[in-house]
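Q: Quick one: this structure, given as structure tokens, is what I'll be asking you about.
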Amino acid sequence: MIPADLDTPPVLRELSDAEGYLAKICFKTGPPMLSGVELEWTVHDRTDPARPVDPDRLRAALGSHAPQTLDPAGASSPLPGHGTVSVEPGGQVEISSAPHRSLRALHLHTSADIDRLTELLASAGLRLGRSGIDPYRTPTPVVDTPRYRAMRTAFDRRGPAGRTMMYSTAGLQVCLDAGTPEGFRDRWDALHWLGPPLLAAFATARHHAGRDTGWASARMAAWFAIDPPRTRPAWTAARAGADPVATWSAYALGAPLLCVRRPDGDWRVPDGITFRDWIGGALPQPPTQEDLDYHISTLFPPVRARGYLEVRYLDAQPPGEWIAPVGVLAALLDDTAALSLAREACEPVLDRWDEAARHGLADPALARAAATVLRVALAAVDRTDLAPATRDQISHIVQRRLGAADRRRP
């Protein structure tokens, strides 16, 4: 018989226990080989995009691919390209791809999954959104779970931005290996200093609920407003070159708890208790390693460490265009010479996240940085295994974005 305590997650009684655990799980180093994406969209009625979409209609449309948040007894079957479907609190639909060893395979399999999802929704009179925030509807809940109820409670303390984020935004996340023990620090730094120019270049979230928000990415504006210790970058220019493990550990343990899982379904927690406080006895029961794993999933900075590196600063893209920011990021990180040139261009705009979200490429300094980064990236994309037609598509998308920015600037 297996002792019962072997099935019990280890308890974290000392801060050093948590720091050691984070060091093991958050930066799994090795040769960078895998990449993946998480693609999220708002969902709309095909003839009346402002009409709310209820969960029953979504569940029927997704069929066997519906997640358990919509269909607890369902199969949650993968899509043809092995991606899985989830549904966010506002009814946003997300595909999480399988990890792939090449950009070409990632593009082919994920495109097949998007095609299948599009067909399923179309059969129910639904379509995917085209931007990073709902341009038609005010924030409206669709899916309710203990996690989402706790999130709403926590974010409501700070104003309406939390509901906007939960119910109206859609992002594009790029997942990349952390890299070798010698190189993961540079990859961590690079993903942060590339952030403001790429956020600006691929911003798609200006119009929300029938109005012009005045932000190039109202999605990122909402994220930054809800809970800064949870959503602001863990990295700053002042910490360039610092140990990512120590930086991420301090960020994670210093962030407030969003929820604590309980059998009764009430996951809410008092305001302001950090994970560090929990280890120190702020709650009746001490946390476990599983609690720390879950806490990491409630942190939403522009770059998150989860064994791999998860880039979260990109808006959802129009149909067929997701491969452009994904290809740009992956190509740059795999090309040392290109990344060095891009880094030099980013130096003047380090930490300019707010300006990138508000002004996008209308900001001259960000536009200059983005133009250089994207020019260098396109050359690197041409050295990837992507099909020639896909490389041409990425170039066309990038050139169109830069050209539109030139026309908007005075």
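We did not get these values from a lab; they are worked out from the coordinates using the rules stated. Worth saying up front: this structure is predicted, and the values here are computed from it rather than measured. Here Cβ is always computed from backbone atoms with ideal geometry, including for glycine, and neighbour counts include all displayed protein chains.
Q: Using a Gaussian network model on the chain with a 10 Å cutoff between Cα atoms, which of 256, 364, 196 fluctuates the most?
A: 364
Q: So, one more: If you find the alpha carbon centre of the stretch 297-324 and of the stretch 333-410, how far apart are they in angstrom?
A: Computed from Cα coordinates, the inter-centre distance equals 17 Å.
Q: So, one more: Sorted from largest down, give the three principal axis spans of the alpha carbons of the chain, whole angstrom values.
A: Answer, in whole Å and largest first: 62, 51, 44 Å.
Q: Among 180, 102, 166, whose Cα lies farthest out toward the positive end of the dipole of the stretch 54-185, if unit charges sit on the beta carbon of Lys, Arg (+1) and Asp, Glu (-1)?
A: Selected residue: 166.
Q: To continue, here is another question. In whole Å, how far is the Cα centre of the stretch 49-65 from that of the stretch 241-264?
A: If you average the Cα positions of each part, the centres end up 34 Å apart.
Q: While we're here: Efficiency by 1/(1 + (r/R0)^6): what FRET value for residue 297 and residue 33, r their Cβ-Cβ distance, R0 = 22 Å, to the nearest 0.05? All intermediate terms of the calculation are to be shown ahead of the outcome.
A: Working: r = 24 Å, r/R0 = 1.09.
Once the sixth-power term is evaluated, E becomes 0.35.
Q: Would you mind putting 200-209, 154-163 in packing order, based on average other-beta-carbon counts within 10 Å, highest first?
A: Numbers: 200-209: 24.1, 154-163: 16.9.
So the peptides 200-209, 154-163, ranked by packing, come out 200-209, 154-163.
Q: Where the only charges are on Cβ atoms (+1 Lys, Arg; -1 Asp, Glu), what is the dipole of the stretch 244-288 about its Cα centre, to the nearest 20 debye?
A: On the way: 4 positive and 4 negative charges, 20 e Å.
My answer is approximately 100 debye.
Q: Trypsin sites (Lys or Arg not before Pro), restricted to the stretch 44-75: which are DSSP loop and have at most 14 other Cβ atoms within 10 Å?
A: Values: sites: 46, 57, 59; in loops: 46.
Passing both the DSSP loop test and the Cβ count: 46.
Q: Assuming 0.36 nm per residue, please report the length gained on full extension of the stretch residue 372 to residue 212 beyond their Cα-Cα distance. Provide the component values of the computation, followed by the final result.
A: Details: separation 160, 0.36 × 160 = 57.60 nm, distance 2.89 nm.
Extra length available between residue 372 and residue 212 comes to 54.7 nm.
Q: If each residue of separation counts as 0.36 nm, what is the full-extension length gain between residue 243 and residue 282 once their alpha-carbon separation is subtracted? Don't jump to the answer; show the numbers that get you there.
A: Numbers: separation 39, 0.36 × 39 = 14.04 nm, distance 2.86 nm.
Once the chain is fully extended between residue 243 and residue 282, it gains 11.2 nm.
Q: Mind checking which of 129, 213, 237 is farthest towards the positive end of the chain's charge dipole, using Cβ charges of +1 (Lys, Arg) and -1 (Asp, Glu) about the Cα centre?
A: Result: 213, furthest along the dipole toward the positive end.
Q: Suppose R0 equals 35 Å. What FRET efficiency, 1/(1 + (r/R0)^6) with r the Cβ-Cβ distance, do residue 271 and residue 180 give to the nearest 0.05? Can you show the working numbers first?
A: On the way: r = 41 Å, r/R0 = 1.16.
Between residue 271 and residue 180 the formula returns 0.30.
Q: For a quick check of your reading of the filter: which trypsin sites (Lys or Arg not before Pro) in the stretch 301-400 sit in a DSSP loop and have no more than 15 other Cβ atoms within 10 Å?
A: Listed in order of number, the matching sites are 383.
Q: Name the helices (complete DSSP H segments) of the chain with a Cα length along the long axis of 20 Å or more and a Kyte-Doolittle mean of at least 1.0, or state none. Can you show the working numbers first?
A: Numbers: long enough: 103-123 (30 Å, 0.18); 364-381 (25 Å, 1.51); 388-408 (30 Å, -0.99).
Qualifying helices, which must be both long enough and hydrophobic enough, are 364-381.
Q: Pulled fully out, how much extra length does the chain show between residue 23 and residue 115, if you take 0.36 nm times their separation in residues and subtract their Cα-Cα distance? Don't jump to the answer; show the numbers that get you there.
A: Details: separation 92, 0.36 × 92 = 33.12 nm, distance 3.89 nm.
Roughly 29.2 nm would be gained on extension.
Q: Work out the length of the dipole vector of the stretch 231-329 about its Cα centre, built from +1 on the beta-carbon of each Lys and Arg and -1 on the beta-carbon of each Asp and Glu, and round it to the nearest 20 debye. Walk me through the intermediate numbers first.
A: Values: 9 positive and 11 negative charges, 39 e Å.
I would put it at about 180 debye.
Q: For the chain, which longest stretch is free of loop sites, where a loop site is one of the GluC sites (Glu not before Pro) that DSSP puts outside H, G, I, E and B and that has at most 15 other Cβ atoms within 10 Å? If you can, show how the numbers build up before the last one.
A: Values: sites that count: 14, 182.
Longest site-free region, per DSSP loop and neighbour criteria: 183-410.
Q: Quick one: grab the alpha carbon gyration tensor of the stretch 219-287, order the square roots of its eigenvalues as a ≥ b ≥ c, and give me rounded if a/c is under 1.5, else prolate or oblate depending on whether a/b is larger than b/c. Can you show the working numbers first?
A: Numbers: a/c = 3.04, a/b = 1.51, b/c = 2.01.
Cα axes put the stretch 219-287 in the oblate bin.
Q: As an exercise, identify the trypsin sites (Lys or Arg not before Pro) in the stretch 12-45 lying in DSSP coil whose Cβ has no more than 15 other Cβ atoms within 10 Å. List each step's numbers first, then the result.
A: Values: sites: 13, 24, 28; in loops: 13, 28.
Answer by residue number: 13, 28.
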